[in-house]
Structures are given as structure tokens and as C-alpha cells.
Amino acid sequence: MTSIDLNADLGEGFGRWRLTDDERLLSVVTSANVACGFHAGDASTMRRVCELAAGRGVRIGAQVSYRDLAGFGRRAMDVPPAELAAEVAYQIGALEVFARAAGARVAYVKPHGALYNRVVRDEEQAGAVVDGVLLADATLPVLGLPGSRLLELAGKAGLPVVTEAFADRAYTDGGTLVPRGQEGAVVTDPESVVARSVDLARRREVDARSGRRIEVRARSLCLHGDTPGAVDLARRVRDALEASGVRVEAFV
């Protein structure tokens, strides 16, 4: 039977501000990308999300980012490789404290926002992320875009690699994500998101923005938690996957 993991970005808040409906999303997803304080998240939020995830058997992932709280980690930054590696390790270590306190462990690492997109092609920044993961835990899987420099370098370094896809993001013909600043970068029609999810899981392909059908082989499917109606859409996606014969399960 075909299987796929469902991941979502969670813990994206700090203090009294909360962006994601963590508790309800954790009833749908199988992996939680938890913000580690650099683009969102704080100690209390990380602890709460880890406890909720562990209680539901959801895998906890460290969503590492550039240090950009004001820009939600979506602004382009140039960080020296040694500094970026240390900051990646720092974020993983911070989340690991709360994961262990909840009776779990950090199970994987996924970059966020501008860092995620940068390491698709930038070898230096991708290498720094890999170095940071190795510094924190040389057994951690790395979640990223198929064909990215990040996954290539992670694999060469001996780290497990996991490919992911996005049902609500537009793709270029080359299999990369259309930048958020461009028109049509985000797919907003719920019916399209659900249909694309099933295609990605069962057929390993999706329609690019040009209309061309492209191959996207992914072990995990990302559901964005910061969009309106995110929980209901995530539930519809999971129901549609299971109805089509896809087993939804964590990749670790």
C-alpha cells in the first residue's frame, strides 16, 4: 500500500500571540515541524507543542530558520557558514530539551522559509545547515525539496534524507517552488489542494504553474498551518488520501 507522511509547521507564535491551531492540527498530521525560536516560537510554546505532539504520537521535528523573528524567517539573509551551523545546532538543542521532557526526541530537521528556499541551490548555506545538524545529532533525518543541494549534501554526509512535496504551493517546470512574491505562488482553492495531495501521494506527480505535468517523488506532504481554514483543509486532505487507499503514517 502507498503511504505518506503529513507534516505541518507548528508552534508558530510567542508570548500571547499564536498563529497556528496546534492542538487541532496535531489530531491530523503525523509529523510536527516545531518553530525553535528564530522565526517564531518561545520556550513555553515549544514545551507545550512537544507535550501535545508526544501525547498524540506525532513525531517532533526541529524547524530551523534564519534569526529573523520580525520577518517570520522569510527575508533573505547572508549568514556566515560557521555562524549558521552553530545557530542550526542551537535551535535543535533547544527543542530537544522540551522533546525529552515530554518523553520523546527530536526526530528530524526541516529548514523554514527563506532558509528552506536558499538551500535548494546554495551549496554554502546548505553545507552549513548540514554541519549544524551533524553538530547536534549525526543520526537526524533532514526533510527538504527533492533535488535540492541540501538533501544532496546531507546524503553525502551520511544523514538520512526525506523528500517532501507541497499541495498548496505552485511548482516551476524544474520542480522548485514558485517564490511567494509571485502571483499564483500559493494554491488557495481547497478542491485543488485536495486533488493535488492525492496526485502527489499516489502518482508522484503534480501540475506545474505552466500546466506541465511534472514528477515529484516525496515521502512527506506539507500542510501549511498558517492559512485560513488550515485545520479543516488538513482534515479533508487526510480523509481524501485514506479514501484513495493511501496509508498516512510518519516517515520515522
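Structural remarks
- Condition check for Tyr90: touching a Leu at 6+ places or on another chain (Cβ under 6 Å) and over 17 Å from Asp226 (Cα atoms): no
- Taken together, the residues in region 176-202 that are basic (Lys, Arg) and either at pLDDT below 95 or in contact with a strand residue (DSSP E or B) (Cβ under 6 Å, 6 or more places away or on another chain) (or both) amount to 2.
- From the list Arg100, Arg67, the lone residue that is modelled with pLDDT of 95 or more and over 25 Å from Arg180 (Cβ atoms) is Arg100.
- Test: Thr30 is in contact (Cβ under 8 Å) with a residue 60 or more places away in the chain, β-branched (Val, Ile, Thr), exposed (fewer than 15 other Cβ atoms within 10 Å of the Cβ) and closer than 26 Å to Val216 by Cβ: no
- Listed conditions (1) open to solvent by 50 Å² or more (accessible area, probe 1.4 Å); (2) over 21 Å from Gly155 (Cα atoms) are all met by Arg118, apart from (2).
- Scope region 128-153; condition in contact with a Ser or Thr (Cβ under 9 Å, 6 or more places away or on another chain) and open to solvent by less than 50 Å² (accessible area, probe 1.4 Å); matching residues: Leu143, Gly144, Leu145, Pro146, Ser148, Leu151
- Of the candidates Glu96, Glu83, Glu12, Glu51, the single residue that is within 15 Å of the chain's Cα centre (by Cα) and of a type in the set (Asp, Glu) is Glu12.
- Tally of residues being within 14 Å of His39 (Cα to Cα) and out of contact with any strand residue (DSSP E or B) (no Cβ under 7 Å at 6 or more places or on another chain) across region 95-114: 2
- Residue ranges of strands (runs of 3 or more DSSP E) in region 125-215 with at least 3 members under 26 Å from Val79 (Cα atoms) and within 16 Å of the chain's Cα centre (by Cα): 142-144, 161-166
- Filter result for Leu223 (touching a strand residue (DSSP E or B) at 6+ places or on another chain (Cβ under 6 Å), at pLDDT below 95, surrounded by 14 or more Cβ atoms within 10 Å (Cβ to Cβ) and within 26 Å of Ala40 (Cβ to Cβ)): yes
- Matching option when the condition is over 15 Å from Glu96 (Cα atoms), in contact with a helix residue (DSSP H, G or I) (Cβ under 8 Å, 6 or more places away or on another chain) and open to solvent by 10 Å² or more (accessible area, probe 1.4 Å), among Arg47, Arg24: Arg24
- Here Ala54 meets the list (1) assigned to a helix (DSSP H, G or I); (2) over 28 Å from Leu200 (Cα atoms); (3) in contact (Cβ under 8 Å) with a residue 40 or more places away in the chain almost entirely, failing just condition (2).
- Restricting region 104-124 to residues that are assigned to a helix (DSSP H, G or I) and touching a Phe, Trp or Tyr at 6+ places or on another chain (Cβ under 9 Å), the residue that is farthest from Val178 (Cα to Cα): Leu115
- When region 59-72 is filtered for residues that are open to solvent by less than 10 Å² (accessible area, probe 1.4 Å) and either closer than 18 Å to Glu23 by Cβ or without any contact (Cβ under 8 Å) to a residue 12 or more places away in the chain (or both), the ones remaining, listed by number, are Ile60, Gly61, Gln63.
The values are calculated or read from the model by the stated rules, or taken from the named source; none is laboratory data. This is a predicted model, so every value here is computed, not measured. Glycine gets a Cβ as well: all are built from the backbone with ideal geometry, and neighbour counts include every protein chain shown. Note: accessible area is taken over every heavy atom of the protein model, side chains too, but ligands, DNA and RNA are not part of it. Shrake-Rupley method; radii C 1.70, N 1.55, O 1.52, S 1.80 Å.
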